[in-house]
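A short worksheet on the structure shown next.
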Amino acid sequence: MSADVHQLAKMLHELDDQLVGCMKCGLCQAVCPVFSETMREGDVARGKIALLENLAHEMISDAQGVQEKLNMCLLCGSCAANCPSGVKVLDIFLKARVIVNTYLGLPAAKKAIFKGLLTRPVVFNSLLDVASKFQGVFTKQASDIIGSSCARINAPIIGQRHFMPLAKKSLRKLEKPRNSRPGKGGYRVAFFPGCLVDKIYPHVGQAVLKALEHHEIGVYMPSGQACCGIPALSSGDKESFDTLVTTNLEIFEKENFDYLLTPCATCTATMHELWPLMSGNRTQTLQERIEAMSKKVMDVTQFMVDVVGIEMPEAGSGTKVTYHDPCHLKKSMGVSAQPRALVRSNARMELIEMAEPDRCCGCGGSFNLEHYNLSKDIGTIKRDHIVASGAAVVATACPACMLQISDMLSQHGDPVAVRHVMEIYAETL
């Protein structure tokens with residue numbers, strides 16, 4: 001309640017300007033993975049926008065209820081990608097979450113996580129380094145093929161999940177900071193692994209580095225990198241998001257490079273799209289710096305195919321691989337053909353398409369934590385499509401999707417490996 005009233009009024013006015021584009025046609029119902037499970041109008045984009053049109057009144061009468069309705073969303077972007085009016089639905093929902101959170105204040109648990117840990121990379125990294133050493137006491141292996149674990153006893157939050165354990169050594173422990181000059185490749189890139197690659201999938205980061213070094217691309221991989229900010233922003237914590245953006249900006253501005261690459265679809269979309277979108281409260285100079293950096297952000301799969309170029313062998317006939325389109329990569333960034341090209345570049349792999357490859361896997365970050373049963377129902381549909389394809393491997397370009405798909409396959413005992421497309425490409429080098 002202590003939030004600045006004038007700032008809230010300004011944000012509400014800006015939101016009103018974006019809401020007028022919705023025609024209430026309801027086409028978002030056909031593509032919303034949450035609505036397909038619940039069949040509740042309030043869970044689809046049209047219903048949420050109707051709620052937001054009277055947001056000031058709704059917050060006063062039932063702010064908690066508004067927050068709950070806004071959080072019932074995967075932020076997958078399916079509605080925005082299929083909106084005939086071009087309504088920026090994700091932009092609206094993220095700004096609305098910030099408004100409601102500013103009004104209500106951040107819950108104690110999230111305040112401890114975001115402000116106490118996430119915005120302090122040294123503390124955050126140290127805590128997870130310690131956790132990686134003791135996780136075996138509380139967990140056991142669930143799937144040899146996937147490498148997933150589950151809790152030894154029913155535990156809060158974890159429940160019946162099958163999850164990927166923390167790596168014994170994070171990427172920053174396995175690989176020293178880099179600051180190399182370009183060779184014959186001619187380009188110099190900055191590398192932002194992201195939290196999940198650093199702490200759970202370091203082998204994905206190593207595959208990226210192997211590919212860049214093979215093509216003689218100069219790499220700037222500085223120490224001290226922080227989270228891209230999407231967990232805080234999706235929870236409406238704009239202050240922590242701003243802190244994380246500034247931290248990363250100052251680190252990467254120390255060197256010159258052509259592109260800022262990430263192997264995480266969510267990080268790519270956040271840094272390219274949301275960093276500048278949500279910088280309206282910053283100084284003009286800082287906004288310009290953020291805009292300049294965001295323009296350099298590119299998914300590593302797009303860079304390898306569109307910028308570097310890769311050799312394509314004759315069609316493979318070996319291990320069958322199917323590909324899952326991460327929502328933030330295809331729907332937000334328009335990147336879909338490039339990851340598939342990287343799979344096809346491996347002559348020992350045969351790419352086969354599953355049904356609805358761009359259907360959301362149901363992860364949604366914090367959505368998975370707060371609405372796991374619904375997340376699991378949506379994820380099971382993705383699992384069914386993967387298994388029906390007959391593939392021995394499912395590849396994707398987002399570590400968050402890898403976590404969700406691993407959980408679904410592991411719980412069903414499916415003998416399907418989950419891999420990042422950069423791993424598959426790196427095997428050819």
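The values are calculated or read from the model by the stated rules, or taken from the named source; none is laboratory data. Computed from a predicted structure; not experimentally measured. Every residue, glycine as well, gets a Cβ built from its backbone with ideal geometry; the counts of neighbours run over all protein chains shown.
Restricting attention to the range 351-371, does a residue exist that is in contact with a helix residue (DSSP H, G or I) (Cβ under 6 Å, 6 or more places away or on another chain), surrounded by 20 or more Cβ atoms within 10 Å (Cβ to Cβ), without any contact (Cβ under 8 Å) to a residue 60 or more places away in the chain and under 22 Å from residue 91 (Cα atoms)?
yes
Would you kindly identify the helices (runs of 4 or more DSSP H) lying entirely within the range 133-220 that contain at least 2 residues that are more than 22 Å from the chain's Cα centre (by Cα)?
Once the helices (runs of 4 or more DSSP H) in the range 133-220 are filtered for at least 2 residues that are more than 22 Å from the chain's Cα centre (by Cα), what remains is 171-174, 202-214.
Looking at the range 168-184, which of the residues that are more than 18 Å from residue 226 (Cα to Cα) and not polar (S, T, N, Q) is surrounded by the most Cβ atoms within 10 Å (Cβ to Cβ)?
182
Could you go through the range 35-57 and let me know if any residue there is polar (S, T, N, Q), assigned to a loop (DSSP other than H, G, I, E, B) and either in contact with a Cys (Cβ under 7 Å, 6 or more places away or on another chain) or assigned by TED's automatic domain parsing to the domain that holds residue 366 (or both).
No: the range 35-57 contains no residue that is polar (S, T, N, Q), assigned to a loop (DSSP other than H, G, I, E, B) and either in contact with a Cys (Cβ under 7 Å, 6 or more places away or on another chain) or assigned by TED's automatic domain parsing to the domain that holds residue 366 (or both).
Taking only pairs six or more apart or across chains, which ones have beta-carbon atoms under 7 Å, a first residue in the range 147-168 that is within 21 Å of residue 198 (Cα to Cα) and in the same structural domain as residue 127 (by TED's automatic domain parsing), and a second residue that is small (Gly, Ala, Ser) and assigned to a loop (DSSP other than H, G, I, E, B)?
So the pair list comes out as 164/147.
Considering only the range 368-428, give the helices (runs of 4 or more DSSP H) lying wholly within it that have at least 3 residues that are touching an Asp or Glu at 6+ places or on another chain (Cβ under 7 Å) and at pLDDT 95 or above.
Because the criterion is at least 3 residues that are touching an Asp or Glu at 6+ places or on another chain (Cβ under 7 Å) and at pLDDT 95 or above, the helices (runs of 4 or more DSSP H) in the range 368-428 that meet it are 372-389.
Of all residues in the range 256-294, which are assigned to a loop (DSSP other than H, G, I, E, B) and under 28 Å from residue 13 (Cα atoms)?
Those that are assigned to a loop (DSSP other than H, G, I, E, B) and under 28 Å from residue 13 (Cα atoms): 278, 279, 280, 281, 282, 283.
Here's a check for you: in the range 39-98, which residue that is hydroxyl-bearing (Ser, Thr, Tyr) and more than 15 Å from residue 20 (Cβ to Cβ) is nearest to the chain's Cα centre (by Cα)?
78
Conditions: (1) of a type outside the set (Ser, Thr, Tyr); (2) surrounded by 13 or more Cβ atoms within 10 Å (Cβ to Cβ); (3) in a helix (DSSP H, G or I). Residue 21 meets all but one. Number of the miss?
So residue 21 meets the others, but not (3).
Among 280, 318, which is the only one that is of a type outside the set (D, E, K, R), at pLDDT below 95 and outside the structural domain of residue 417 (by TED's automatic domain parsing)?
280
In the range 204-232, which residues are surrounded by fewer than 18 Cβ atoms within 10 Å (Cβ to Cβ) and more than 24 Å from residue 116 (Cα to Cα)?
210, 213, 214, 216
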